[in-house]
Amino acid sequence: MAGIYLHIPFCKTRCVYCDFYSITNEELINSFVDAICIELKNRKTEINEPAKTIYFGGGTPTRLNKQHFEKIFNSLDDHYNVETDAEITIEANPDDLSEKYINDLSSLPFNRISIGIQSFNDNELKFLSRRHSAKQAADAVNNCQKAEFKDISIDLMYGLPGQTMQIWKDNLKQACSLDIQHISAYHLIYEEKTRLYTLLRAGKVSPVNEDLSNEMFQTLIDTLTENHFIHYEISNFAKDGFYSRHNSSYWSGDPYIGVGPAAHSFDGDNRTWNIASLSKYISAVNTGNMVRETEHLSLEQKYNEAILTGLRTMWGVDLNGLKTKFGNNLYQYCVNNAQKFIEENLLKIEDGNLKLTQKGIFISDGIMSELMNV
Ligand code: SF4
């Protein structure tokens with residue numbers, strides 16, 4: 001199944017923890033929209049099956065206005081065969097989601113909205129340098145519901161410096177009270193080249209200890225599953241039927257194209273990515289000199305990705321599929337290395353699929369690295 005990812009590289013301000021490519025100067029926003037439409041046109045032959053998912057990510061896609069989106073959707077309509085029931089997601093920031101803006105979005109083909117809330121605690125939001133308040137976050141969800149968005153996801157973050165279990169439980173309680181369909185919850189990561197990383201190096205913030213991290217993860221799983229969310233991927237929870245189809249296709253190794261600066265694409269064998277500079281991207285598209293960096297994936301690299309992404313999901317790794325795709329040697333490598341984890345009740349085989357157990361999910365990184373062929 002093919003997907004289309006559009007990277008919208010604008011943010012009103014930068015958050016302290018973020019290492020995604022985006023800029024705060026919006027002067028080039030109109031030129032960017034024109035360029036992304038040209039890139040869509042130029043790459044239309046790269047997808048030779050109907051697109052089943054379209055994902056506007058960023059950056060902050062909600063920095064674009066209705067006219068910008070109309071242009072982009074016209075270009076998608078002109079050049080791509082998009083399935084009538086395609087999942088079309090927009091990532092949104094709560095502070096952009098006024099009632100007027102949400103009504104604009106609901107008049108466009110979007111059928112899924114993913115809101116970057118991160119926390120319902122004003123002190124935490126301030127620490128993360130998010131631009132919204134807890135009230136704005138809840139209002140944004142309510143307004144999306146009023147505008148009849150039927151598939152709403154929110155992002156939450158845990159393991160913040162100084163975050164207590166009580167704050168995390170309060171965040172989860174608030175999230176569960178919102179009658180939403182999907183929650184992505186990520187542990188804070190100290191990415192290099194972020195302001196947060198500098199604060200860490202300077203000793204101005206301290207990571208939470210491992211025991212508390214694990215306790216928070218367990219509380220996340222318990223609270224959301226008690227509230228009828230299905231834990232379908234390590235960091236993702238959905239009500240029945242509301243799994244993110246776009247992300248699921250990444251985890252299945254399906255092909256997709258990514259347009260916009262810094263966007264990645266995958267054709268089944270090669271990963272390519274656009275230049276991470278808005279001005280250079282626009283100039284390259286306009287002069288017909290768009291060059292993407294390419295990495296060809298070996299059989300072993302593709303096997304490693306299948307282990308990494310498959311084990312993160314509740315469906316696990318289909319062992320027969322693994323043998324067919326990667327051959328008997330890599331299949332045997334996987335099965336042999338999995339054995340000790342199966343004996344320790346960290347992995348299990350169910351209906352021919354290798355999966356993490358509830359115990360294994362807490363040390364998933366270590367297990368995956370032992371199954372990878374490096
Ligand atoms: S977290 Fe989102 S809003 Fe914040 S800087 Fe990164 S892309 Fe922009």
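Values in this text are rule-based calculations from the coordinates and carry no lab data. Keep in mind that this is a model prediction, so the values were computed, not measured. So basically every Cβ, Gly included, is an ideal-geometry build from the backbone, and we count neighbours across all protein chains shown.
Brief remarks on what is shown
- Centroid-to-centroid separation of region 143-187 and region 82-139 [C-alpha atoms, Å]: 12 Å
- Longest exposed-site-free window of the chain, the sites being GluC sites (Glu not before Pro) in a DSSP loop that have at most 16 other C-beta atoms within 10 Å: 193-343
- Summing Lys and Arg as +1 and Asp and Glu as -1 over all other residues whose Cβ lies under 12 Å from the Cβ of residue 185 gives a net charge of -2.
- One way to sum up the overall shape of region 299-371 is the equivalent ellipsoid from its Cα gyration tensor, whose semi-axes run 18, 12, 11 Å, largest first.
- Local electrostatic count, residue 42, Cβ distance below 15 Å [Lys/Arg +1, Asp/Glu -1]: 0
- Tail weight of P(r) past 14 Å, computed on alpha-carbon pairs of region 131-177, percent: 58 percent
- The value of relative contact order for the chain, using C-alpha pairs under 8 Å at least six residues apart, is 16 percent.
- Neighbours of residue 319 by Cβ distance under 14 Å: Lys/Arg scored +1, Asp/Glu scored -1, total +1.
- Alpha carbon convex hull of region 118-210, projected area averaged over orientations, nm²: 6.5 nm²
- Annotation: aspartates and glutamates with alpha-carbon distance below 12 angstrom to residue 71 (same-chain offsets under eight excluded): 34.
- Nearest-20 debye value, the chain charge dipole, Cβ charges on Lys, Arg, Asp, Glu: 660 debye
- When DSSP beta bridges are restricted to pairs lying wholly in region 2-250, around 20% turn out antiparallel.
- Long-range amide H partners of residue 81 with built H, under 5 Å: 51
- Whichever lysines have a C-alpha closer than 25 Å to that of residue 348, once near sequence neighbours (fewer than 8 apart) are set aside: 239, 302, 323, 325, 340, 359
- Scattering profile of the chain at q = 0.12 Å⁻¹ [log10 I(q)/I(0), Debye over alpha-carbon scatterers]: -1.02
- For the residue pairs 126/193; 66/280; 12/44, alpha carbon separations beyond 27 Å are given by 12/44.
- Length available on full extension from residue 324 to residue 189: 0.36 nm per residue minus the Cα-Cα distance, which gives 45.0 nm.
- J(HN,Hα) series, region 147-158, from Karplus relation 6.51 cos²θ - 1.76 cosθ + 1.60, nearest Hz, glycine and proline x: 7, 6, 5, 9, 9, 10, 10, 10, 9, 10, 10, 9
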